[in-house]
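Q: Starting off with a structure, shown below.
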Amino acid sequence: MDHFLKTAVKAAKEAGQIMLKRRGNPGEIDYKGRINLVTEVDLLCEEKIIEVIKDNYPDHSILAEERGEIATDSDYKWIIDPIDGTTNFAHDFPFYCSSIALEIKGNIQIGVVYVPVLDELFTVQKGKGAFLNDKKIHVSKADMLKTSMLATGFAYDVHETDMDNVNHFKNFLKQARAVRRPGSAAIDLCYVAAGRFDGFWEFNLHPWDVAAGVLLIQEAGGRVTTMAGENYSIYSDNILASNRGIHRDMVNILRL
């Protein structure tokens, strides 16, 4: 698996260099929805990541946020978010990353998330632990909501749906030490794995938002389910991730 991880790291870092060079200059901005942006730099980063992967594994499938699925008969599928936190990037708010995962026969085996502004590289191989800049990371030990810092996000259809997450946000504000909404689900999940956040929940994420981060949390000792506490898939329409110690309390709040 090491060669897969090295390829993912190379791809993520090369995308990160593009982001840094274009910081404050996102170029042309298009809209996939009312507030769902895609910048010129998203496309450049995705092109670079796919180029690096295809140079090494030309027969592998690709699932990328902007290009969609490039399907082959391979058991290997690379799941790519070239810039998670595009709105942040477009506003030069320095909380964005590239996220790359490798799914083999339906199971995520490799994950890499690179945060270029902080030069933080999160890496994971299934069964081998989770790492930040080559140092092993673990989830926090918090066991009460009142001592926990949580994170969440709001889906791009927040203006149009009743499932807008506002009530859950309010309920957790009343129970937790703090709730944050930084704007990159991939980084939020990494921060749970690293013990910076104690829990995270969100609606309507996509596989490329969560694939690497979910494996990082699991390998760092955390737990990932649906908001109802049921088995989770990266293709699920909602997610709850935590350090395990507050998981049941978070499920109970989400049922309100």
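Q: Taking only segment 104-119 into account, find how many residues are in contact with a Phe, Trp or Tyr (Cβ under 8 Å, 6 or more places away or on another chain), open to solvent by 30 Å² or more (accessible area, probe 1.4 Å) and either under 20 Å from Leu5 (Cα atoms) or in a strand (DSSP E or B) (or both).
A: 1
Q: Also: With respect to Arg244, determine if the residue is touching a residue at least 40 places away in the same chain (Cβ under 8 Å) and among the basic types (Lys, Arg). Reasoning before the result, please.
A: Values: touching a residue at least 40 places away in the same chain (Cβ under 8 Å): yes; among the basic types (Lys, Arg): yes.
The answer is yes for Arg244.
Q: On to the next question. Among the residues of segment 191-204, are any more than 24 Å from Asp143 (Cβ to Cβ) and open to solvent by 20 Å² or more (accessible area, probe 1.4 Å)? Full working, then the answer.
A: Here is the first cut: in segment 191-204, the ones more than 24 Å from Asp143 (Cβ to Cβ) are 203-204.
Next cut, open to solvent by 20 Å² or more (accessible area, probe 1.4 Å) only: 203-204.
Yes, the conditions are met somewhere in segment 191-204.
Q: Any residue in segment 129-152 that is at positive phi sitting within a Cβ distance under 6 Å of a residue that is part of a helix (DSSP H, G or I)? List the pairs, counting only those 6 or more apart or interchain.
A: Sorted first by the residue in segment 129-152, then by its partner, the pairs are Gly129/Glu219.
Q: OK, next. Sort out which residues of segment 124-153 are outside any strand (DSSP E or B) and open to solvent by 50 Å² or more (accessible area, probe 1.4 Å), and write them in order of number. Quick ask: steps written out before the conclusion?
A: Step one: list which residues in segment 124-153 are outside any strand (DSSP E or B), which gives 126-129, 133-134, 137-148, 153.
Once the filter is applied, which keeps residues that are outside any strand (DSSP E or B) and open to solvent by 50 Å² or more (accessible area, probe 1.4 Å), segment 124-153 yields Lys126, Gly127, Lys128, Asn133, Asp134, His138, Lys141, Asp143, Met144, Lys146.
Q: Being closer than 25 Å to Ala155 by Cβ, β-branched (Val, Ile, Thr) and in contact (Cβ under 8 Å) with a residue 60 or more places away in the chain is the requirement here; does Ile62 meet it? First the steps, then the outcome.
A: Values: closer than 25 Å to Ala155 by Cβ: yes; β-branched (Val, Ile, Thr): yes; in contact (Cβ under 8 Å) with a residue 60 or more places away in the chain: no.
Judged against the criteria, Ile62 is not a match.
Q: Hey, another quick one. For Arg181, work out the one condition from (1) open to solvent by 30 Å² or more (accessible area, probe 1.4 Å); (2) at pLDDT 95 or above; (3) touching an Asp or Glu at 6+ places or on another chain (Cβ under 6 Å) it doesn't fulfil.
A: Against the list (1) open to solvent by 30 Å² or more (accessible area, probe 1.4 Å); (2) at pLDDT 95 or above; (3) touching an Asp or Glu at 6+ places or on another chain (Cβ under 6 Å), Arg181 comes up short only on (3).
Q: Something else now. If the Cβ limit is 6 Å and pairs must be 6+ apart or interchain, which residue in segment 78-94 that is more than 23 Å from Asp55 (Cα to Cα) pairs with which residue that is among the aliphatic types (A, V, I, L, M) and open to solvent by less than 10 Å² (accessible area, probe 1.4 Å)?
A: Asp84/Ala186; Phe89/Ile83
The values are calculated or read from the model by the stated rules, or taken from the named source; none is laboratory data. None of the values given here were measured: they were computed from a predicted structure. Note: ideal-geometry Cβ built from the backbone for every residue, glycine included; neighbour counts use all protein chains shown. Heads up: the accessible areas ignore ligands, DNA and RNA and are worked out on the full protein's heavy atoms, side chains in. Shrake-Rupley method; radii C 1.70, N 1.55, O 1.52, S 1.80 Å.
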